[in-house]
1. Look at segment 23-74 and say how many of its residues are touching a Ser or Thr at 6+ places or on another chain (Cβ under 8 Å), hydrophobic (A, V, I, L, M, F, W, C) and farther than 19 Å from E5 by Cα.
2. So if I check each of S2, S19, which one is hydroxyl-bearing (S, T, Y) and under 11 Å from the mean Cα position of the chain (by Cα)?
3. Which residue pairs have Cβ atoms closer than 9 Å, lie 6 or more positions apart in sequence or on different chains, and pair a first residue in segment 30-58 that is open to solvent by 90 Å² or more (accessible area, probe 1.4 Å) with a second residue that is of a type in the set (V, I, T) and part of a helix (DSSP H, G or I)?
4. Mind checking which residues of segment 30-77 are in a helix (DSSP H, G or I) and either in contact with a His (Cβ under 9 Å, 6 or more places away or on another chain) or hydroxyl-bearing (S, T, Y) (or both)?
5. When segment 1-18 is examined, which residues are found to be out of contact with any Ser or Thr (no Cβ under 7 Å at 6 or more places or on another chain), modelled with pLDDT under 95 and either within 21 Å of A71 (Cα to Cα) or in a loop (DSSP other than H, G, I, E, B) (or both)?
Amino acid sequence: MSLAEARAEAAALPADDVSRYFAERDIQQALVEAGNGEFDDCVEKAERALLEARERPHSLKSGERLDILGAHEVPPR
């Protein structure tokens, strides 16, 4: 299992697939962990990304959407 494998699996999902979104976040976090020298955490995040892409545990019902805020946005109260 590798980060490249997780990336390939995530990239194979449709761009609007919610599981792809979560897999890509795990991949991004794995890269951060690797950059910090936390290789055990990197492997754990890469494994989570791979499982997310393969098993697709997250899904949205017809008409639902995932609202993703930018780093500069504040959620409504």
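The values are calculated or read from the model by the stated rules, or taken from the named source; none is laboratory data. Bear in mind the structure is a predicted one, so any value in this text is a computation, not a measurement. Note that we place each Cβ from the backbone using ideal geometry, even for glycine, and neighbour counts take in every protein chain shown. The area values use the complete protein model at the heavy-atom level, side chains included, leaving out ligands, DNA and RNA. Shrake-Rupley method; radii C 1.70, N 1.55, O 1.52, S 1.80 Å.
1. 0
2. Details: S2 fails: under 11 Å from the mean Cα position of the chain (by Cα).
That would be S19, the only listed residue that is hydroxyl-bearing (S, T, Y) and under 11 Å from the mean Cα position of the chain (by Cα).
3. R56/V18
4. So in segment 30-77, the residues in a helix (DSSP H, G or I) come out as 30-35, 39-55.
E52, the sole residue that qualifies.
5. Answer for segment 1-18, where residues must be out of contact with any Ser or Thr (no Cβ under 7 Å at 6 or more places or on another chain), modelled with pLDDT under 95 and either within 21 Å of A71 (Cα to Cα) or in a loop (DSSP other than H, G, I, E, B) (or both): M1, S2, P14, A15, D16, D17.
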